[in-house]
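The structure under discussion appears below in the form of structure tokens.
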């Protein structure tokens, strides 16, 4: 296995929690997370490359979905809060 050094900044409260876990455990956690995220990116890239949807059409669809969700949540909010 090849060693790879990863440096990152995290909020102080998270840093305190991270210090309680051994390096070996973090290595396993980070390896798993990186594999999962990379797999998702590769899958998404494949889908995007096959897509015939133009960027402008994708934004148009996205706007319609956002408007629909906003209406739905507004209705739910009114039902809950009167």
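No lab work stands behind these numbers, since they all come straight from the coordinates. From a predicted model like this one, the values you see are computed outputs, not experimental measurements. Cβ atoms come from the backbone with ideal geometry, glycine included; neighbour counts cover every protein chain shown.
May I have the convex hull volume per residue, in Å³, for the Cα set of the range 1-51?
113
How many nm separate the modelled label positions at residue 10 and residue 74, each set 7 Å beyond the Cα in the direction of the Cβ?
4.1
Tell me the angle of helix 55-81 to the major Cα principal axis of the chain, expressed in degrees between 0 and 90 and rounded to the nearest ten.
Approximately 80 degrees, to the nearest 10.
Measure nothing fancy, just the Cα-based angle from helix 23-50's long axis to the longest principal axis of the chain, in degrees from 0 to 90, nearest 10.
40
Let me test this: with uniform point scatterers at the alpha carbons of the range 24-82, what is the Debye-based log₁₀ I(q)/I(0) at q = 0.20 1/Å?
For the range 24-82 at q = 0.20 Å⁻¹, log10 I(q)/I(0) is -0.81.
Based solely on its DSSP helices, what 222 nm [θ] is calculated for the chain when runs of n ≥ 4 H residues each add -39,500 (n - 2.57) and the sum is averaged over all residues, nearest 500 deg cm²/dmol?
-26000 deg cm²/dmol
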